[in-house]
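> Once you've had a glance at the structure underneath, I'll fire off some questions.
The values are calculated or read from the model by the stated rules, or taken from the named source; none is laboratory data. Remember, it's a predicted structure, so these values are computed and weren't measured experimentally. With ideal geometry, Cβ positions are generated from the backbone for all residues, glycine too; neighbour counts draw on all protein chains shown. Heads up: the accessible areas ignore ligands, DNA and RNA and are worked out on the full protein's heavy atoms, side chains in. Shrake-Rupley method; radii C 1.70, N 1.55, O 1.52, S 1.80 Å.
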Amino acid sequence: MAGWRPVLVVAAGALLLAGCTSGSDDGAGAEGKPKRSSGSPTPATPSATPVSDPYTLPEESAPKTRAEAIAFVRELEVRPDFFGIGYRKREPFESDPTTWAVLHEDCQWRREGLPATVLASLTRAFELQEKNGKGSVYVSLTVTVHENAVAARRDMAGSLESALRCPEQRLNATDVVRGLYSRVDAFTDERNAVSDDDLAESGEWVADGVSEAHPFDWSKFRLGPVTVAATARHGAGRTEAEDSAVTGEMLQGVGYVAAEIDSQGDAGGAGAKDEPAETPADTPVDTPAATSAETEGAER
């Protein structure tokens, strides 16, 4: 199994610094949480004051129906530059929000319809193209709305178990991740967190027919009944410092999305908007389907 790469811990610390209060009156919320201004992916300038509360979404502010949840995940802004300069959308850009990735007993990820405890799950894909001898970087971000915080916590626990059960996992028809190492922390573990719970995995990925493996990172945050997960498949030709930067920028992107979800809770969440016609969780909703192999194991 690959050793724990300290870059994830360092990057998480950098994300935590982004979660400190700003000296300006409009740069932070009442609870000391940073607020990202619209139109710019640059976080507020941090001070020495730590975050008093993690990013979260109260259950009363979360979507209650499948239609609300699908609207919620689609309306969240996830821009390519959240993950650094030069990223662009990758096709297919979005997955079908009425499906999600499931790790089967054979340790292969496949997309399936959502269970009754999940209201919506949307993955968006991004790419930093190959340039100057440095291979492409592939980043994905998945936002999943669960029926309540208990279901979200169970999903976090299942994600931790998956790396223990399958340290080598097939993402799709061509890519495998291996040597996965997991770390999980809860806000109640007496550490300054940026979300209610977080989970990180580190390992390496390799394409079929290619002998050289490259770093692979996965991180997942829980904000009440919502989880936000991101992956980064690094390309060839990067130094350790450059790989660390890729990981840090991936976590930075997760932080921007977490801040947006948190701000929706402050504003009243889904209930503050015009409510769509109620759709039970087990009722199908017509959505465009993404069928490319790239969507297999999207959360990975």
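> Using modelled amide H (1.01 Å from N, peptide plane; none on Pro or chain starts), what sits under 5 Å from the amide H of Gln108, excluding residues fewer than 5 places away?
Arg170
> For segment 153-168, just list the computed ³J(HN,Hα) in residue order, Karplus coefficients 6.51, -1.76 and 1.60, θ = phi - 60°, integers in Hz, with x standing in for Gly and Pro.
5, 5, 5, 4, 5, x, 5, 5, 5, 5, 5, 6, 6, 10, x, 10
> List, in the order given, every pair from Lys89/Lys220; Lys131/Lys220; Lys89/Lys131 whose Cα-Cα distance in the structure shown is over 23 Å.
Table pairs above 23 Å Cα-Cα are Lys131/Lys220.
> I want the local charge near Val206. Using Cβ-Cβ distances under 12 Å, sum +1 for each Lys or Arg and -1 for each Asp or Glu among the other residues.
-2
> Within a Cβ distance under 12 Å of Val78, other residues only, what is the Lys/Arg minus Asp/Glu net charge?
Surrounding charge for Val78 is -1.
> On to the next question. Could you work out the relative contact order of segment 113-167, using alpha carbon pairs under 8 angstrom and six or more residues apart, expressed as a whole percent?
About 33 percent, as a whole number.
> Separate question: So what does Glu59 come to for accessible area, using a 1.4 Å probe and Å² rounded to 10?
90
> May I ask you to evaluate 6.51 cos²θ - 1.76 cosθ + 1.60, the Karplus curve with θ = phi - 60°, for each residue of segment 119-126 and list the ³J(HN,Hα) values in order in whole Hz, giving x for glycine and proline?
Values per residue, Gly and Pro as x: 8, 6, 8, 10, 10, 10, 10, 9 Hz.
> Something else: Taking amide hydrogens as modeled 1.01 Å from N in the peptide plane, which residues meet the under 5 Å criterion relative to Ser136, leaving out close sequence neighbours?
For Ser136, whose amide H was placed from the backbone, the distant partners under 5 Å are Glu130, Ala236.
> Turning to a different aspect of this structure: Work out from phi, with θ = phi - 60° and the Karplus expression 6.51 cos²θ - 1.76 cosθ + 1.60, the ³J(HN,Hα) of each residue of segment 57-66, listed in order in whole Hz, and give x for Gly and Pro.
Result, rounded to whole Hz: 9, x, 4, 5, 9, 7, x, 10, 10, 5.
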